[in-house]
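These notes concern the structure reproduced below.
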Amino acid sequence: MFMLSVYVISLYGNCFLCIKLKGLLYYSSDMSYQNTLIDQTAELLKNRLQELSVKQDIFKAVELRALYDQLRILPPEEKASFGQEVNALRQELTALVQATQVDAASLPPIDVTAPFASNTAVADRPHLLPTELGSVHPLMTEIATIVDIFGRMGFAAVESRQIDDDHHMFNTLNFPEGHPARDDFDTFTTEQTDKNGKSLIAPAHTSIMQHRILKAGKAQLEAGTPIASVMPGRVFRNEDLDATHEHTFYQLEGVYVSTGVNAGMLMATLQTFLNSYFGQELKTKTQPFYFPFTEPSFEFAIERPAVLRKDDSEEQQWLELVGCGMIHPNVLRHAGIDPEVYTGFAWGFGIERLVLMKYGIEDIRHFESAKLDFLRQFS
Amino acid sequence: MERGSVVKVSVNWIKEYLDFELPPTDELVACIGAQIGAVEAVIDLGAQYKDVLIARVVSCEKLADSDHLNVCWIDDGGKASNVERNDQGLVQVVCGAPNVRAGILVAWLPPGTTVPSSFGKDPFVLEARSLRGTLSNGMLASPKELAIGDGHEGIMEIDAGEPGADFAKTYKLDDVIIDVENKMFTHRPDCFGELGVAREVAAVLGQQFTSPDWYKNPSKELPLSADRLPLVIKNELPELVPRFMAVAISGLKVQPSPIWLQTLLSRVGIRPINNIVDVTNYMMMLTGQPLHAYDYDKVRALDGTDTATLIARNPRDSERLTLLNGKTIDPRKEAIMIATETTPVGLGGVMGGAETEVTDATVAIILECATFDMYSIRRTSMAHGLFSDAVTRFNKGQSPLQNEAVLLKAAQELLAGGTAQLASDVLDSTSLPSETLQRGSLHPPMSIETAFINARLGFLLSGSEMATVLANAEFTVESHDDWLQVSAPFWRTDIELREDIVEEVGRLHGFDKLPLQLPLRSVAPATTNYLFNFKTAIRNQLSRGGANEVLTYSFVHGKLLDNVGQNKDLAFKLNNALSPELQYYRLSLVPSLLNKVHANVKSGYDEFALFELGKVHSLDYIDSDADGLPQEFEKLAFVYAANDKLKKSGAAYHMAKYYLESLASHFGLALRFEPITTMPDSSFVKPFDPERCAAVSDVASGEPLGIVGEFSAAVRKNLKLPVFSAGFELDIEALFGIAGSKGYRTLSKFPATEQDICFRIPNILSYGELQQAVFSDLSVIKPPNSLLQISPLDIYQRQDDTDHKQITFRLRLTSYERTLTDKEVSNLVEQLAASLAQKFDVAQV
């Protein structure tokens, strides 16, 4: 600190008074600049510096930049003196910033068994923050709500994995090796491989759970109890972020297998869930689709509430929400379930879209931003 | 790769193959969406061309003072209104095109017209304006201005219609283009052609479709030249090239295609090039089957013999190929090459070679119509980053049974009205089984019970109703009492299983007619997922304590791992991360939370607590779960931070500990906090300050649960954390294993008695040790059937005696039998002080 002060003093003469108080440095400065604009700016910036939590940010000040802009357009005869003073101001600020850098020094050991440290002021004793500030993440709240609805409909919840193998991502779902449908998933893979030497996979859909659920449920199915499960989980797609696309998002997979299951039941199940979730009768429509693991396959769309439409186009009217279909016989067979006896349906949908729609949230990136501005709205 | 790609359906084009009136556009679109594939956009092409008129240039004279401008008087049949006309009714237009001349028909954009190429983007509306002092009423348009091609060297010379005719109507540009998402067609290569879509449209509208004769019965009657061009094809890759057909055509003159063809291609997004390439594209857009034309003479010249030879084979060592797009590649060794005896001339199914390209000088071609293995095409396309319209179609697996029809129709188009003739036999090398060729269907006929179909759809359709919907799409169906025999037409590659027939019947009949009925179920409750509920309880408990749950990415920057001292080599690493920020699977959750502290402080939050529940992974456990897969660990992380400007006294550690203890107490757990003498080499402890953190375990079971503490100086510095910050990370499953509920204690009928007691103890004795001794000693001597509670009141250290501290407890005793007197309690306290004094250097103050 002393060295720094000497340096500063030698530069500016007797213009600094440096007081060390409680480990923090406070400056008072009587340095004045010849040029009024620079002098005023200096005063302004020094005051602002005290407020800044990141002192470095002072160098981004528009007022400072304005001085440099000014310098560029000055007539040559004024340039030299103005330039010198701007540089002097910059150096003064640099010195001030450096002086305030708290060294991230190690702190002394503490008694980890104590409820609080010695001599802690009563107001600073450990306490919980006010309840009204706290919040559960809206996605987690909604997943719990969704799982609850399906729970009441008879579906058990099993959470999905976050790292998996090619076998569960593609093979057991009837994607032949090298099938172009694999391209639709923009899957992240890892450098590390599974026991067959294939890259491990960041699941791109919760359908990775289908084979596991079917295998685990085979015995109960054959004993007469349908397989009915929902599998919420985090999935990943290699796609660029924007207001409506995330590379990390949540899906909920569902599987129902029994005897005599038909596609009408699938539609009824999804419609019943959505009406319950949104608390109103929604218009829905189905479109044919293609997934290797369902046949037939559908895309299930719901009518977007009018307030959430950007325009009157068909695209805005419908929200394609759910990919679904009758489970492909090869997928059942893979799990040892006889597709001649049992049929079933499966679906998967993204959680974010439902939640964006429910609350009218404008940007999907808020979900994983950890911004308190966002989170505390759900207190 | 193909996400967001669409098949462009031209309503005017498909109409050519339909013998019934299509419903209005909105109904047609709804129908396509519901039964064929999602509609991405509907484009009214007519609007783009609505004011363009065909006109004849009557006179054309150089404009004085200009080296290139001409003054033209044009005849529009008097069609345009609001233009100045001369006494013959002609309109004056100034035109700089080199090919403008009297007598030709042109496309005229009258004043007030939006230039079609600028339509919908940045509309440019023409007006009557003066050029070098001469009035020009609008303009005569080039292909580029008409958005029909790239040509901008001259105006488009019209080859049909008469002055005053509507340009759009003449060339069917009064069209509606429906963009259908092509994902739906992953297994429907036939729908990558207008013919396939037309068939689907007919079938979903309940109409019988009939394929054109040339498609079902290819014509073999094309004129064969007397001057034969020797042509040989060889197929060394019968597995990967199930069908390889080619024919030589001579007597060609390369020129622009007739305008109907140019406009047809432009309607579906294909750029017209010349009359040969345009015909191959036309057939591809019509049937989904790509074709390729080679310059015959160039192919033959490569071998220096009399014969042109095309061979399907793998690349030879160090063989390179320059493609039509100018790119030179070293083909992957499994790629399908098309080569002469000496030289590669194309990357089969992906892109042709530059060396044998059709140019203006071409007079003879080899027309190739082959089927390539979809998987091979996909790998080659990915390996070389080559994506073309042909790749999009070949990697869906085109039917090898339509090649002959497509090849002959293409030849017929090339021969139409010109001097061209076939110059070789139609060569066909196929590895298809002869029964497939004879059957004319890729799979044998299938027997299927109507009950099988109805059971899977929930419909109650009769066999004949099913037969009708299938027959409309040109399936061959024999209807029996309760079963059908179904044979798929030759272009269908996707009909293999009975479930594929189910899909077809359901879709063509209409999925919107599915009966909505929930499955019946037993009243037995669904299995409860207790771990899921436990996590919900953690969330609720921490948020009640004012903490905010966050979600952060599972992938982190290597720098974050470095910044908290974790070892990157233990983290799963992505091959194809979007950016370095998302390259590694995280090893623990706390660093992700720490990464979010600074930004929130900066946003003006001075004191807050964040928590996250999530999974972590480590290469140490790459195959340790039950399936031999990487083990997933469920963690709970929490971070508390207070801006240093709040100048908090004490240590942040205790805040984190307090949160942790209040959470544990909710689940009926008492925790033990032990200083960590040697930090274990585990990722999750790395961010913590060894001097200011504790290992956390359950008192009752001894189960280790995790760590709580402040963060090391380096971590604080690297992540710009306030000094007053601390957190914890716990194993959720371990916690779940021992968690219970808080439990209930009977209330006593008698009042409690409280007394405070203060001890001076040496600094090295921990609070916990003293508290434990106080508790156990008092437990022994307290009155029977009573409840003892001890809470800390104060911990004080004198400035002049840093070797000691003074701890004040409040004792609270409640008997279930009687009211305790102060005297009794004072006695207990005296006994306690005496017994403590024997164990430690302790003095009551």
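Every number in this text was worked out from the coordinates using simple rules, so none of it is lab data. In this text the structure is predicted, and so the values were computed from the model without any measurement. Methodologically, a virtual Cβ is constructed for each residue, glycine included, from the backbone with ideal geometry; neighbour enumeration extends over all protein chains shown.
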Can you tell me the Rg and Dmax of the stretch B:163-249, counting just the alpha carbons, in angstroms? 19.8, 58
Considering amide H positions built from the backbone, and no H for Pro or chain starts, which residues 5 or more places from residue B:131, or on another chain, come under 5 Å of its amide H? B:136
Set the Förster distance to 30 Å, then compute FRET efficiency between residue B:819 and residue B:742 from the Cβ-Cβ distance, nearest 0.05. 0.65
Normalized C-alpha radius of gyration of the stretch B:446-509, against 2.2 N^0.38 Å? 0.96
Rounded FRET efficiency, nearest 0.05, which uses the C-beta distance separating residue B:620 from residue A:195 and R0 of 22 Å: 0.85
Order of A:208-219, B:672-683, A:113-124 by packing, highest average Cβ count within 10 Å first? A:208-219, A:113-124, B:672-683
Against the longest principal axis of chain B, how steep is helix B:652-666, in degrees 0 to 90 to the nearest 10, with axes from Cα atoms? 90 degrees
Magnitude of the Cβ-charge dipole of chain A, K/R +1 and D/E -1, about the Cα centre, nearest 20 debye? 820 debye
For Cα pairs less than 8 Å apart in space and 6+ apart in sequence, what is the mean separation divided by the residue count of the stretch B:231-432, i.e. the relative contact order in percent? 34 percent
Please arrange B:73, B:491 by counting, for each residue, the other beta carbons lying within 10 Å of its beta carbon, fewest first. B:73, B:491
Relative to chain B, whose Cα atoms define the longest principal axis, helix B:498-509 and its Cα axis are tilted in degrees, nearest 10, by 70 degrees
In whole angstrom, and with the biggest value first, how far do the Cα coordinates of the stretch B:530-738 range along each principal axis? 47, 40, 34
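Which loop-located GluC sites (Glu not before Pro) does the stretch B:27-136 contain, where loop means any DSSP state but H, G, I, E or B and the Cβ has at most 15 other Cβ atoms within 10 Å?
B:84, B:127
When DSSP assigns beta bridges and you keep just the ones with both residues in chain B, what percent turn out antiparallel, to the nearest 5?
95 percent
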For the pair residue B:416 and residue B:5, what calculated FRET efficiency results from E = 1/(1 + (r/R0)^6), where r is the Cβ-Cβ distance and R0 = 45 Å, to the nearest 0.05? 0.90
With Cα coordinates, the longest principal axis of chain B makes an angle with the long axis of helix B:463-472, in degrees rounded to 10, of 60 degrees
Rounded to a whole number, the Stokes-Einstein D of the stretch B:666-743 in µm²/s (Kirkwood radius over Cα pairs; 25 °C; 0.890 mPa s) is 183 µm²/s
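Taking other Cβ within 10 Å of each residue's Cβ, how do B:224, B:484 sort, fewest first?
The order, fewest Cβ neighbours first, is B:224, B:484.
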Binning every alpha carbon pair distance of the protein assembly as shown at 10 Å from zero, what are the percents per bin? 2, 8, 13, 15, 15, 14, 12, 10, 6, 4, 2, 1, 0, 0
Candidates per GluC sites (Glu not before Pro) in the stretch A:262-316, loop by DSSP, up to 12 other Cβ within 10 Å: A:281
Using just the helices of chain B, give the 222 nm mean residue ellipticity in deg cm²/dmol: DSSP H runs with n ≥ 4 each add -39,500 (n - 2.57), and the total is spread over all residues, rounded to 500. -7500 deg cm²/dmol
At most 16 other Cβ within 10 Å, DSSP loop - GluC sites (Glu not before Pro), the stretch B:446-554: B:496
Just checking the output field for B:645-651: average partner chain Cβ neighbours within 10 Å of each residue's Cβ? 6
Once a ≥ b ≥ c are taken as the square roots of the eigenvalues of the Cα gyration tensor of the stretch A:138-378, is the result rounded (a/c under 1.5), prolate (a/b larger than b/c) or oblate (a/b not larger than b/c)? oblate
